[in-house]
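The values are calculated or read from the model by the stated rules, or taken from the named source; none is laboratory data. Computed from a predicted structure; not experimentally measured. Virtual Cβ from ideal backbone geometry, glycine too; neighbours counted across all protein chains shown. Keep in mind that these areas ignore ligands, DNA and RNA; they rest on the heavy atoms of the full protein, side chains included. Shrake-Rupley method; radii C 1.70, N 1.55, O 1.52, S 1.80 Å.
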Amino acid sequence: MAGKASGSLLDHFSALEDPRQSWKVVYPLPELLLLVLCATLGGAENFVEMEEWGADRLDFLRRFLPYERGIASHDTLNDVMNALDGELFSACFTAWVDELREAEPDIVAIDGKTSRRTHARSQGRDPLHLVSAWASRQRLVLGQQACAAKSNEITAIPLLLERLALTGALVTIDAMGCQAKIAQTILDKGADYLLAVKDNWPTLCGEIEGYFADAGDDTLDRLETTDGDHGRIEVRRHAVSRDVAWLSTDRRFPGEPRFPGLKAIAMVEAEVERQGKISRERRYFLSSAPLDARLFARAVRCHWHIENRLHWVLDVVFHDDLSRLRSACGPQNMAVVKHMAMNLIRNAPGKQSLTVRRKKASWN
């Protein structure tokens, strides 16, 4: 059964072409990929550690693949992972995740993260910035798309969305993705959008802000929630309106984007009390789904799961911000490997923390 499971996982990456000259290949590509993934699961954080892990666990690896020549050197692992096609590797990952996903629609959060030490100043190379898709209920990384910088998320997000199966999902994106073209891409995939709108659309944001300031209770669906931990009390007041006709009449204002399929606008006010001090913040949203306040509140909370259940885990459990890979597609490809490892660890049985699960993979 273990061998079959390994085979099915590696089968999704069979589309990858080995970047090496065929007559120079000593260690087959599937063996290298399995070693890198298993070693990452077991706590290895660079190619030197992966080589050592493989040498100590060679009998385990041979349960899945022959490894007739033993374990490749760390230099070989480094060269191959740098040379693999990053876009194709990401696409293979997405195809694999599609088999892990449940059919029931989910809330899918899209957000970006920068791996801070992957820059190469001498080559004029910025750090890797990766836009990822996160299925909140299933706690799965669905896919990722590399972009040159945070400002390029606008072009990276549609590329990521095109690869994902999103039918029935509610896709949440922060203000960077509040673009009419991105909204249309989500609708074309059979999903709905929930987009944060901020000062990147100042006139539109101001109109929505004024609407909620003047709207009466009879026109809004409201919900209030309260949370408290670590000496902090947070009250969130959610309000949703399906009255959006005034945004799509002939009374337009210059520069206002025409968002397709708009069905609702929403607002959440967060009031935080910490050490006797109170702060307030309001955020505004556009949605193609006819939301009620309860679903809106859940979607807003789920969006932030990508920060504390994906980005935080990458930094704290997988030490992503300490990675010093800087060549070719190496940083992007190893980010995919970490996402694979995270999905596998989260789906493993047991109630231990992810840190403990990763250590258990190393111990056994």
For Trp363, net neighbour charge (Lys/Arg +1, Asp/Glu -1) across residues whose Cβ lies under 12 Å away: +4
Does anyone have the angle between helix 47-56 and the longest principal axis of the chain? Alpha-carbon axes, 0 to 90°, nearest 10? 50
Would you tell me the accessible area of Ile182, worked out with a 1.4 angstrom probe on the heavy atoms of the protein chains, in Å² to the nearest 10? 0
Can you give the translational diffusion coefficient of the chain in µm²/s, computed by Stokes-Einstein from the Kirkwood radius over Cα pairs at 10 °C and 1.306 mPa s? 71
Sulfur and carbon atoms: percent of accessible area, the chain [1.4 Å]: 50
Net charge within 14 Å of Leu58 by Cβ-Cβ distance, Lys/Arg positive one each and Asp/Glu negative one each, not counting Leu58 itself? -2
Quick one: compute a quarter of the convex hull surface over the Cα atoms of the stretch 1-111 and quote it in nm². 8.4
With springs only between Cα atoms under 10 Å apart, run a GNM on the chain and tell me which of Gly216, Gly330, Gly276 wobbles the most. Gly276
At Thr225 and Gln275, where each label point lies 7 Å from the Cα along Cα→Cβ, what is the point-to-point distance in nanometres? 2.7
For the chain, find the longest principal axis of its Cα atoms and tell me its angle to the long axis of helix 354-363, 0 to 90°, nearest 10. 10
Cα-based helix-to-principal-axis angle, 74-83 vs the chain, degrees rounded to 10: 50
Among Gly210, Gly168, Gly86, determine the one that fluctuates most according to a GNM of the chain built with springs between C-alpha atoms less than 10 Å apart. Gly210
Let me test this: with uniform point scatterers at the alpha carbons of the stretch 176-309, what is the Debye-based log₁₀ I(q)/I(0) at q = 0.10, 0.12, 0.16, 0.22 1/Å? -0.35, -0.50, -0.87, -1.48
Rounded accessible area per residue of the chain, 1.4 Å, Å²: 49
Expressed in angstrom and ordered largest first, the alpha-carbon extents of the stretch 266-364 along the principal axes are 46, 33, 31
With every protein chain kept in the model, how would you rank Ile278, Ile208 by accessible area, 1.4 Å probe, largest at the top? Ile278, Ile208
Give me the distance in nm between label points sitting 7 Å out from Cα along the Cα-to-Cβ direction at Ser22 and Thr76, one decimal. 1.9
Ranked order, Glu68, Glu224, Glu153 - accessible area, probe 1.4 Å, largest first: Glu68, Glu224, Glu153
When the chain is modelled as a GNM with alpha-carbon springs shorter than 10 Å, which of Phe93, Phe64, Phe296 fluctuates the most? Phe64
Electrostatic dipole magnitude of the chain [Cβ: Lys, Arg +1; Asp, Glu -1; Cα centre; debye, to 20]: 620
Between Ala348 and Leu159, what FRET efficiency comes out of the Förster formula 1/(1 + (r/R0)^6) with R0 = 25 Å and r the beta carbon distance, rounded to 0.05? 0.20
